[in-house]
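Reading through the structure tokens given below for one structure.
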Amino acid sequence: MTDSTEPFDYTDALRQLMARVGVASFKELQRIAAVSEWQVRQLRRGNLQTMRLENLLKFCTALQVSPETFLATFGVIESSSEVETLRREYQQLQNEIDRTRDTATEEFERESLDVLESFLTYWHAAAHAVENNPQFPAKNLLPLVKPIEKLLDRWQVEPIGDIGADVSYDPQQHQLAKGTAQPGDLVRVTHLGYRHRDRLFLRVKVKSIES
């Protein structure tokens, strides 16, 4: 990086980048970027040559700017190889952040689904009973569950099976709740199963037709 013997104040340039992402103060920038107060001061002075690469990447991420834009904003003229190195490191960091965010989201969904497992198992069976018997006491509860159904849809939770349908027994997909059956035997669906994204979350509950 180029080194200048004359001090220069990049405070206004930094404030403009901060304003674009809603960062109101240098203290807040320090917290979001997880850097020291000294690092923020060096950035305001344009002393990027004194800063470690990982801290430059933290500022890029916190300010949501590309390495090229970041360097240009603070008057740094880089060789193409140096720019490419910073750009590559920045992209790797962004990819890691995205993976971490996706993993955390899926883990939260799975933990929530574990809590809802009993509800998921018996809800559609109760709804099926209501649809076939309008006098069923729980009929007024059906509209109350619509928000949960929308949430499950957003989480990519897909019901499997149709209550009352006769299907070929598959131990990988079905849980035999009553009677006996061999793979391939006809069984009847009693409770729906569920798939979360690409993972089987709950097997379809079935019973032997004879039972």
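Within region 153-164, does at least one residue satisfy the condition of being part of a helix (DSSP H, G or I), among the charged types (D, E, K, R) and modelled with pLDDT of 75 or more?
Just the residues of region 153-164 that are part of a helix (DSSP H, G or I), to begin with: 153-154.
When the remaining residues are screened for being among the charged types (D, E, K, R), the result is 153-154.
Imposing the further condition that a residue be modelled with pLDDT of 75 or more reduces the set to 153-154.
Yes, region 153-164 contains a residue that is part of a helix (DSSP H, G or I), among the charged types (D, E, K, R) and modelled with pLDDT of 75 or more.
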Would you check if residue 35 is in a loop (DSSP other than H, G, I, E, B) and either within 22 Å of residue 88 (Cα to Cα) or of a type outside the set (S, T, N, Q) (or both)?
-> yes
Give region 28-73 a look and list any residue that's touching a residue at least 24 places away in the same chain (Cβ under 8 Å) and among the basic types (Lys, Arg), or say none.
-> 44, 45, 58
Of all residues in region 52-73 being within 16 Å of residue 41 (Cα to Cα) and of a type outside the set (A, V, I, L, M, F, W, C), the one that is surrounded by the fewest Cβ atoms within 10 Å (Cβ to Cβ) = 52
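So, in region 1-23, exactly how many residues are part of a loop (DSSP other than H, G, I, E, B), modelled with pLDDT of 90 or more and surrounded by 12 or more Cβ atoms within 10 Å (Cβ to Cβ)? Please lay out each step first, then the result.
Applying the first criterion (part of a loop (DSSP other than H, G, I, E, B)) to region 1-23 yields 1-10, 21-23.
Filter once more, keeping what is modelled with pLDDT of 90 or more: 21-23.
Pick out the ones that are also surrounded by 12 or more Cβ atoms within 10 Å (Cβ to Cβ) and you get 21, 23.
Total meeting the criteria: 2.
The values are calculated or read from the model by the stated rules, or taken from the named source; none is laboratory data. Computed from a predicted structure; not experimentally measured. Here Cβ is always computed from backbone atoms with ideal geometry, including for glycine, and neighbour counts include all displayed protein chains.
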